[in-house]
Every structure is written in structure tokens, then in C-alpha cells.
1. Looking only at the stretch 103-129, which residues are over 16 Å from LEU22 (Cβ atoms), in contact (Cβ under 8 Å) with a residue 12 or more places away in the chain and loosely packed, with under 12 Cβ neighbours inside 10 Å?
2. Across the stretch 130-149, what is the number of residues that are under 22 Å from ILE98 (Cα atoms) and in contact with a helix residue (DSSP H, G or I) (Cβ under 7 Å, 6 or more places away or on another chain)?
3. Cβ-Cβ below 7 Å, separation at least six or inter-chain, first residue in the stretch 90-102 and buried (at least 19 other Cβ atoms within 10 Å of the Cβ) and modelled with pLDDT under 90, second among the aromatic types (Phe, Trp, Tyr) and in a strand (DSSP E or B): which pairs?
4. Going through the stretch 75-89 one residue at a time, which ones are surrounded by 14 or more Cβ atoms within 10 Å (Cβ to Cβ) and in a loop (DSSP other than H, G, I, E, B)?
5. LEU131: modelled with pLDDT of 95 or more and at negative phi, yes or no?
6. Are there any pairs, at least 6 apart or on different chains, whose C-beta atoms fall under 8 Å, with the first in the stretch 165-192 and within 23 Å of GLY209 (Cβ to Cβ) and the second of a type in the set (Gly, Ala, Ser) and modelled with pLDDT under 85, and if so, which?
Amino acid sequence: MAHVDTISHDFLIKVAQEIGRLIDARLSNDREIRLPDGSDAFDVVDGSTPLRLAETLQVWKLQDKAYEYLANSGLSGDIVDWVVPTNALHHQLRLRGIAAGFVRSRLEPEVDKPVIVQFNTSPLAARINDLFVVIESNEQQDPIVDADPVVRLLEIPAYHVLALWLFAESAETEKKSRSVIISAPQSYKKWPGPFMNSENFFAALKEGGAILNVA
């Protein structure tokens, strides 16, 4: 019912290898990096340590001009009209099958530099995992969610908003996007959900306003 962007298996193996080295610099020869058939979940180390690299989301952000419009007239149209991809990827980590943390990597790292830029054990991973379940169940029978959208991570630091952005590229409708809020300030509690159309999402951003002194 939804999918993520296709990321090179070689790149994901590199991420898994770096996680292994971060966990244990003495990575031994009997540990493996394996890709199970039909899966995008990588073993970070051997089966005796059940830490796995699971779903990978491309990170997107608002265009610079979007902030100008939000501060004035507001935004119209679809989310896809106002966002751009970043060079970052968000990787979910599972420990014994439970979402326990995440890793951030850089798609185009500097020469001879690690691809991993952040390794965090956080309840954020569990929250994202729970939202994956909500998307897959689609109890509201939202037509965009039902159209096999690509799921990406949308970060809006100036507004302290983190969301899953669902974009149905083949949907026969002008409103191709939905957003699912991962985290936001308390003032955003009235956001309708779980699947917000672009109009409601933009209206909530404008109403909530930017958080001062945040780049």
C-alpha cells in the first residue's frame, strides 16, 4: 500500500558495515552483512546480535521560498510543489524485531569520509514504525494512501515539525500528497489526522508559525 525510494543495495551494505564498526571496532571475520531474499533489512552483525537495518527513508525539506510565502500569504497547491530532496537518508534500526533507534547517512559523503553522520537510540524510531502500521492499514481508506505512494521524511526545523510525506505519483488527482505528523509542537495538537492533505498541512504550518532562533 506504500513504498520507499529505491536505494542502492551496495550503499545500504556500506551503512550496515559502518554501524557494525561503530558498535564494535573489533569486527571479527565470523560476522556477516547479509541481505535476506526479497528484503531490504540488513543484518548489521551475525544472527547472535539481532540488530537490523530496516526501512530507509529519503529526507526532504521545504524550499527556501516556501518560508517567505508561509510568513506572508501562505502556501497553496501540493506539497510536492514546495519541497526539495536533501542529501540525507534516515534508516530505521530494529533490535530483536523492535524499532529501537535510527541512523542518518549522507548519500554523497566527502572522499574517504564515513557515510553515517548520526547514530541514535530514540523513541522516534518506534513512533515512525507505528505510523508505518497506520499507513499500511489505511483504516480511513484514503485514496492517496491506497494508491501506493512513496513515503519520505519531511523535516521542517524552523517549525519543529517532522512528518512522513506520502506522494502518489500515479494518482489521478491534483491532490497527490498526504502528510502524517511524527512530531510537532504542542500548539499543533489540533492538526487533523492521521492523513492530512496539502491544504490542511500548509494551513497548520502557517497557524503554528515558525519557532524563533531556529535555523
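1. Of everything in the stretch 103-129, just one residue is over 16 Å from LEU22 (Cβ atoms), in contact (Cβ under 8 Å) with a residue 12 or more places away in the chain and loosely packed, with under 12 Cβ neighbours inside 10 Å, namely GLU108.
2. Let us first name the residues in the stretch 130-149 that are under 22 Å from ILE98 (Cα atoms), namely 130-138.
Right, trim to in contact with a helix residue (DSSP H, G or I) (Cβ under 7 Å, 6 or more places away or on another chain) and you get 135, 138.
Going through the stretch 130-149 one residue at a time, the tally reaches 2.
3. Within 7 Å, no pair qualifies.
4. The answer is LEU75, ASP78, TRP82.
5. Working: modelled with pLDDT of 95 or more: yes; at negative phi: yes.
Judged against the criteria, LEU131 is a match.
6. Going by the 8 Å Cβ cut-off, the qualifying pairs are VAL180/GLY193; ILE181/GLY193; ALA184/GLY208; PRO185/GLY208; SER187/GLY208; TYR188/GLY208.
The values are calculated or read from the model by the stated rules, or taken from the named source; none is laboratory data. The structure displayed is predicted, hence computed values, not measured ones. No Cβ is skipped: glycine too gets one built from the backbone with ideal geometry, and neighbour counts run over all protein chains shown.
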